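Only one structure is covered here, and it is reproduced in the block below.
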Amino acid sequence: MQIAHQVDEMFKRQVKTWPLAATNYTALAQVETKKLTINGFDFVVQFNPARITSTAAQIDTQTIQERRCFLCLHHLPPEQEVLPFTAQSGHQYSVLCNPYPIFPHHLTIPDVNHTDQRISGRIDDMLELADLLPDFVLLYNGPKSGASAPDHFHFQAGNKGFLPIQILIDSDRSTQGYPLSFTHFQSENPGSITCGIQDPEPMLNLLCWKSHNKYHLILFPRKLHRPSQYYATGDAHILLSPGTIDLGGVLITPLQKDFNKLSVEDVTDIFKQIS
Ligand SMILES: [Zn+2]
């Protein structure tokens, strides 16, 4: 059976039989959103209280060493189904239903081994997954660019038709003036999309998908993990820790106060700081 079909079936079962997933996917269907237009480009702000753990995640070495890794197979909740996938590179992954969704269909795809979040040698895996999961966009957050588990390699995947940047690019509209820097690689031949990432890895976020027989890879270069608003106190504080999803056009605010007040000026300033 094709993996796309297996993922579909697994997802349907998980949101029915796993109470945590059922609750969070039902809640997601009712989350508040609002639209912000920056330089003519649409951004969506999503008020998503279930994402507080990820947004506020401490990723300093000590915290990471002392916590129980939530992506290791032996720590997964008993209700979590695991769909094994071996890439042509030999890397072995587990395809999982993400119980804290942002996308209506949200997957986490960790390596089976507890190994650092480093993209070197794995872009081919991302392209392969984009081919095998044609209804999904693959995401990668660098270890200091939004990954809440920098010590355990993982991709995420979310359904197409949700991230404004994917919709924009697939509609062939110009991306000139987009308020973030990015490089867009596209080709019908995945082998021609090469992107040598040096070690240590520079700060970056990646998005990858395949539409109309063409592979797309978007690379967002970063200069900062979290904006000053994240650390500010009082009225200036905004709990927003941007990762690939935010850069792709859906900004996640786990707190109602931030959802209410987040403005075009705030987002423009945050993007200037991190991009
Ligand atoms: Zn782990």
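The values are calculated or read from the model by the stated rules, or taken from the named source; none is laboratory data. Treat the numbers as computed from the prediction; the structure is a model and nothing was measured. Note: ideal-geometry Cβ built from the backbone for every residue, glycine included; neighbour counts use all protein chains shown.
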Residue among 264, 250 that alone is within 18 Å of residue 28 (Cβ to Cβ), touching a residue at least 12 places away in the same chain (Cβ under 8 Å) and among the aliphatic types (A, V, I, L, M)
250
If residue 68 passes every condition in (1) within 16 Å of the ligand (Cβ to nearest atom); (2) in a loop (DSSP other than H, G, I, E, B); (3) closer than 23 Å to residue 122 by Cβ; (4) over 18 Å from the mean Cα position of the chain (by Cα) but one, which one does it miss?
(3)
Flag if residue 189 is more than 17 Å from the chain's Cα centre (by Cα) and at positive phi:
no
When you scan the stretch 1-14, do you find a residue that is at pLDDT below 95 and not polar (S, T, N, Q), even just one?
yes
So which residues in the stretch 99-119 are aromatic (Phe, Trp, Tyr) and either under 16 Å from residue 80 (Cα atoms) or not in a loop (DSSP other than H, G, I, E, B) (or both), if there are any at all?
100
Residue 39: on the phi > 0 side of the Ramachandran plot and either surrounded by fewer than 13 Cβ atoms within 10 Å (Cβ to Cβ) or under 16 Å from the mean Cα position of the chain (by Cα) (or both), yes or no?
yes
Read through the list (1) part of a helix (DSSP H, G or I); (2) touching a residue at least 40 places away in the same chain (Cβ under 8 Å), then give the number of the only condition that residue 80 fails.
(1)
State all residues of the stretch 96-142 that are within 16 Å of the ligand (Cβ to nearest atom) and of a type in the set (A, V, I, L, M); if no residue qualifies, say none.
96, 109, 112
